[in-house]
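Below is one structure, written out as structure tokens; comments come after it.
Values quoted throughout were computed directly from the atomic coordinates according to the rules given, and no laboratory measurement underlies them. Values in this document were obtained by computation on a predicted structure and should not be read as measured data. With ideal geometry, Cβ positions are generated from the backbone for all residues, glycine too; neighbour counts draw on all protein chains shown.
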Amino acid sequence: MKTVVITGGTDGMGKALALIHLRRGDQVVVVGTNAKKGQAVLDAADELEAGGRAEFIQADLSLVAENRRVITQIASTHQTVDTLVLGARYFRATRFVTAEGFEANFALFYLSRYLLGHGLVAQLEQTSTPVILDLSGPGGDLSRIRWDDLQFAHDYHPDEAMGQCGKLSDLLAVAFTRHYPDSRVRYVLLHPGLTATAFTGEYDTASAELVTRMRERGQPVEAALVRILRHLDNPPPGPLTAFMQDNPVDVHGEPFDSAAADRLSELTSKLLR
Ligand SMILES: NC(=O)c1ccc[n+]([C@@H]2O[C@H](COP(=O)([O-])OP(=O)(O)OC[C@H]3O[C@@H](n4cnc5c(N)ncnc54)[C@H](OP(=O)(O)O)[C@@H]3O)[C@@H](O)[C@H]2O)c1
């Protein structure tokens, strides 16, 4: 029996993945903000007679303190974590700053992933083939990063902010593998392809129309799950791998530059101090 932690596990691909693992007999922890959606996962688990193996943690992962609380809660109840899926997403048409002072995309798509990966590494290391699967990348080249304005204080554009976070997630993965060179953790970056999911977020008229069209064009969640499970069931051998849908992405090229990864890592440590 595996222990699988899924952020964004209350909706979309994360929820579908949670139910598959529950059917397989695994222990599943889903994290999300919405209590009703969390209860729906628990109810579905009951229907599968898997209620005892499902756990919902209600938390706003755009807050550092909430990530720390989630890590403490998971670590206190689970000695081991086999799989950590990083899949929380939230679209914001207008810039939003969290109560802790971080731009919300930066906080949810990047800082949360940073905190959870590092925060649960001890539990991951207890298992034979631990995997961290981040669904937000891989994301293009380094020019997407506004090093002098990482939190989009100027000229906020939601797609650019989210695109940058995909890139930051790539560098996070590089920095993670450099930080734990002897780790057993396989870090996998996967773009599962455009998928018809909830697309949670706050939209203006233009972005709402766009997302409706994206949902119409998107593949069914089941198709994305095939891609996700391919890596979870047979983790790639290398410490870091990346895939655009079914195609491997070279993680040794300039977009995964280790100096940029170190730079981001140092900036992050300072921000979190
Ligand atoms: N759908 C696509 O076409 C696509 C394509 C490429 C990559 N991806 C990536 O795949 C992952 C899953 O996407 P999806 O489309 O399946 O998502 P989705 O259906 O929109 O669901 C988003 C999930 O994130 C959770 N979430 C949102 N804000 C949160 C917060 N502040 N704290 C904690 N949880 C939060 C939501 O839970 P609550 O509602 O309970 O808060 C929900 O479970 C994301 O990382 C996304 O970027 C998606």
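Here are some notes:
- Neighbourhood net charge (13 Å Cβ-Cβ; Lys/Arg +1, Asp/Glu -1) for Gly166: -1
- Here the stretch 44-143 has an Rg and Dmax of 15.3, 49 Å, counting Cα atoms alone.
- Simple Cβ-charge dipole of the stretch 3-272, Lys/Arg +1 and Asp/Glu -1, about Cα centre, in debye nearest 20: 300 debye
- Choice from Ser169, Ser128, Ser258 showing the highest fluctuation, given a GNM over the chain with Cα pairs closer than 10 Å: Ser128
- Convex hull volume of the chain per residue (C-alpha atoms, cubic angstrom): 124 Å³
- Approximate spin-label separation Ser76-Arg215, in nm, with each point projected 7 Å along Cα-to-Cβ: 3.8 nm
- Taking every alpha-carbon pair under 8 Å whose residues sit at least 6 apart, the chain reaches a relative contact order of 18 percent.
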